[in-house]
Structure formats: C-alpha cells, structure tokens
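Structure first, then comments.
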Amino acid sequence: MLRRRNQLKKDVGSGLLLFLGNDLVGMNYTDNNYPFRQDSSFLYFIGIDQPGFAAVIDIDNDTEIVFGNDLSIDDIVWTGNMPSVSQLAAEVGISHTLPMKALKATLDNARAKGQTIHFLPPYRADHSLWLKELIGVEPQAQTAMASIPFIQAIVDQRNHKDAEEIRLIEEAVDFSTEMHLAAYRTVVPGIHEAQVAAAVEEVIARHGGRLAFPTIATVRGQVLHNHGFIHELHKGDIFLLDAGAETRSHYCGDLSSAMPVSERFTTRQEEVYNIHLQSFQAAVDHLQLGRPFREAHVAAATKIAEGMKALGLMKGDPAEAAENGAYALFFPCGLGHMMGLDVHDMENLGEQYVGYAKGEQKSTQFGFKSLRLARPLEEGFVFTVEPGIYFIPELMDQWEAEHRFSDFICYDKLHAWRDFTGLRNELNYVITAQGARRLGTLHKPMTIDEVYQAKGV
C-alpha cells in the first residue's frame, strides 16, 4: 500500500486526494443491508475492507489520514468487537486517524489554503450526496468536475498488475472455471435455468467467495444480459453461461461458455460454434505486446463475417464488413475489457481513461461503441477475450427495415435463423514480456470435443 500511495503522490503532484470508502446500504430497511463491497480504489490504495471509512492523502504536506468512528457498545452487540480505527490504519501503514466528523473541516482547511481537492467521479448515490456535503459540488456536476489527473494516475497503476495481483486473479479464474464445469455437468433437458444458476453459484459460496457480477445462465443467449432464470431447458437449445468468481481478495474472474442442452449440438449449431472458435483464435493471435486490442476485435469480427458469408447470410468482403460495422448484426458487443478488482476494471472512472490511449476517441458506431478496450497492450494488462455470435430478431428487423448494410447482409436468408439465439466463450489473459498468457491452471472447455467430454458424452 505504501508503495502504491507514494507512486500516486508522485504522479498527481500536488493537492489533496480524497478517497470515499463505501458504507452499508439498506436493501429494504436500514438494518437489512445489501452485501458490503468496498470501493476498489479505496481497497487498492488504503486497504481497509470495512464500511464507514474515508481517507485523504495530502500531497503538499506529505500526510495521510484515515477517517472513521470506533464502534460503540450498541454496535458491538450486533457485530462483535472489531479493531479500532487506529489499529486498522496502522495495519496499512497510516499513523494519523481522525473521527469522521473531522473530514469536512479537514477539506475546508485545505481549500482555505488554496489546495486543490482531487476527487473521483461517484457511482453511488450516497457518495454523490456526501460530496455535495463535503465540498459543495452538486451531484449533476460531479462527474465533469472529477479530477482527471487523479483518475489517470489511478488507472496507470491499476492497469498494470504485479505478480501478486496476477496470482490472485488466477485463483479467481480457477474458481470461475469450477463454476462453469458445474454447469456442464448440470445442463440437461427438463430442468430450469435457476437450477443451473444454483449449481454454479454454490461453487463459489463453498470457496468462501462471492459472485463477481450477476450470473447470466440462459437458453436465450441472444439477450446479452439475461439474468431472469425463468426458462425451462429443452432438447435442441443452446445454454449460455457467463459467470465469474470474486475471491476474498476481491480480485475477479470472468468466463463464458456455450453448451448444448441435448447431448450434442445440432449440425447447424456446430457450424456456428466452429465459426465462433475461429473468431476467438483470430483474436488471440492478435494479442501482442504493443499491438492495439482494437485489431484483435477487428480480426474476430472479420472471421465472423467470413463465417456468415460461408453460411449464405453475408456477402462482399469480410474485412470491409468488419471495418465498417456490418458484422455487428451478429456481434454487437466489444471483444473484451480490463479485469482486476472490478470485473470491468475501473469503468466507474471512465472507459475512455481505462481502455483507450490518451487522446484516443471512442467510436460512436454501433458495435465499435461497445468496445471497452482498444488501446495498445502493455505488460501487466489483464483482460477478457469474449467474441460471440448472436441472432437478435429485433435487431434483424430494424436493420432490414432500414436497408442497413444491404450490400453485405442477405436479409432474405436470415429469417430461417431467427430462433438460433446466441453463443459465446470467454477466457482471461495477461500480457507479459513474452506475449499473451491465458490465465488459470484449470482448463475450461472450448472445442466441441471438450464440451462433449465435460458433459460426459
């Protein structure tokens, strides 16, 4: 923590850095709370994994202060005895502590001396109200007024994972793989999506962790974020699972799998699955130190366009279809995103800072606008690779009505594919001096033969 804070002070240069930790939030009344999760930047730089804390780093005066309140006897009755604020601060190398009521006075004093108060864009309503109380910035102005030097300094550190972070991420990836292997064993005709989700989520609960994000477990894979768990599984369906583990260290894994509900895929499903695998490999082949991730996305999109052309659903030059966005009818999302303490790492700070090089503009084009990572890959970057192929009837209908990309898309052939749904696979990678390395010691099935083996066929 000390090394991280010292680097942060050096990178920002001057002023006071404000860290707002997360607090408990009532689910339906005050004492029935959502599960607590500390803010990731607070964890990374301050290291206290408890609710009810804030911290400041005064760069100009080389002072670090943790703000929090010790438990009263009324608290202890419910929580048991806990370390004091000073004990928790000492564990992370901070010797100066103050009660929470002193935070506003500390900030007021700094502003009176002409110091800049650096704060981060809030993503929680309670933080927005807290910032208004502390520094007088209205909620609607807070994102625009957040400190860009503070954001960029955090991103520059957290984007580059060290060896210990990579070890912790690999642990999360292995737990995530166990979750997916449970799904392969569970998926059969006649059960419900909720039963698969239960088998998947039991795995990480048994390991003492939690979900990195709400599980997607569905036979309606064309709906990219489908969390309902309401459908029964039938012969001939494709089951899509997107699930990841967050360990006690709070580092995350993020994997996706597609599998037949029947013992085997249909011939048509095998054709699309193999096109998907080709797109996945094309993306992986472009994962090189210094090479923009956008090129990997385009490589995957080109392979999907080639495959759709082979099926008679597209025409023209696949590379041209990829660059101008015609591919996005079948692949409307981005190839991947950064991953770490957040499953979409630091996206609360702004995708343009995390996934794009300084000065690089994010595309507004459908498909490319959902690409969260485009920048050249650097050593220590950890990210997902997750191309997919989706047949979304509503999107097909809109594009056909608008005659969009009619030079590339064979709309007269698409109607026979309206019920295909969608599929994807997802793995996690780190960039090293030697190139890209797949994370995890356990193997998640990818090829059709591996899928069948995992299902016990």
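The values are calculated or read from the model by the stated rules, or taken from the named source; none is laboratory data. Bear in mind that the values here come from a model prediction, so they are computed numbers and not experimental data. Here the Cβ is made from the backbone with ideal geometry for all residues, glycine too, and neighbour counts use every protein chain on show. Only protein heavy atoms, including side chains, enter the accessible area calculation; ligands, DNA and RNA are left aside. Shrake-Rupley method; radii C 1.70, N 1.55, O 1.52, S 1.80 Å.
Output the 0 to 90 degree angle, nearest 10, between the alpha-carbon long axis of helix 193-206 and the longest principal axis computed from the alpha carbons of the chain.
40
What are the residues whose amide H is under 5 Å from the amide H of G15, where those residues sit 5 or more places off or on another chain and H is modelled from the backbone?
Distant-sequence amide H within range of G15: I59, D60, T116.
Can you compute the modelled spin-label distance between D31 and A205, with each label point 7 Å from Cα toward Cβ, in nm?
2.4
For the stretch 41-57, in order, what is each residue's ³J(HN,Hα) by Karplus, 6.51 cos²θ - 1.76 cosθ + 1.60 with θ = phi - 60°, in whole Hz (x at glycine and Pro)?
5, 4, 4, 5, 9, 9, x, 9, 9, 9, x, x, 10, 9, 8, 10, 10
Just in the stretch 386-425: which GluC sites (Glu not before Pro) are loop by DSSP and have at most 10 other Cβ atoms within 10 Å?
Passing sites in the stretch 386-425 are E402.
Calculate how steeply helix 293-310 sits against the longest principal axis of the alpha-carbon atoms of the chain, using the helix alpha-carbon long axis, and give the answer as 0 to 90 degrees to the nearest 10.
20
For the chain, which whole percent of the accessible surface, found with a 1.4 angstrom probe, sits on carbon and sulfur atoms? Numbers along the way, then the final one.
Details: 9960 of 19550 Å².
Roughly 51 percent of what the probe reaches on the chain is carbon or sulfur.
Mean residue ellipticity at 222 nm from the helices of the chain, using -39,500 (n - 2.57) per DSSP H segment of n ≥ 4 over the full residue count, to the nearest 500 deg cm²/dmol?
Calculated mean residue ellipticity at 222 nm is -11500 deg cm²/dmol.
On a 0 to 90 degree scale, rounded to 10, what angle separates helix 102-112 from the longest Cα axis of the chain?
Orientation of helix 102-112: about 80 degrees from the principal axis.
Let me understand the chain better: what is its radius of gyration from the alpha carbons, and its Dmax, in angstrom?
Looking at the chain, its Cα Rg and Dmax stand at 24.1, 73 Å.
Under 5 Å between amide H atoms, partner at least 5 residues away or on a different chain: which partners does G340 have, H built in plane at 1.01 Å?
Under 5 Å from the amide H of G340: C252, D345.
Please list, by residue number, every one of the chymotrypsin sites (Phe, Trp or Tyr not before Pro) in the stretch 1-69 that is coil in DSSP and has at most 15 other beta-carbon atoms within 10 Å.
Filter output for the stretch 1-69: F36.
By how many nm would the segment from Q365 to A310 lengthen if fully extended, with 0.36 nm per residue of separation less the alpha-carbon distance?
Length difference between fully extended and current span is 17.3 nm.
Pop a pseudo-label 7 angstrom from the Cα along the beta-carbon direction at both D75 and L442 and give the gap in nm to one decimal.
3.7
Cα gyration tensor of the stretch 194-353, axes a ≥ b ≥ c as square roots of the eigenvalues: rounded (a/c below 1.5), prolate (a/b > b/c) or oblate?
Judged from the Cα gyration tensor, the stretch 194-353 comes out oblate (a/c at least 1.5, b/c at or above a/b).
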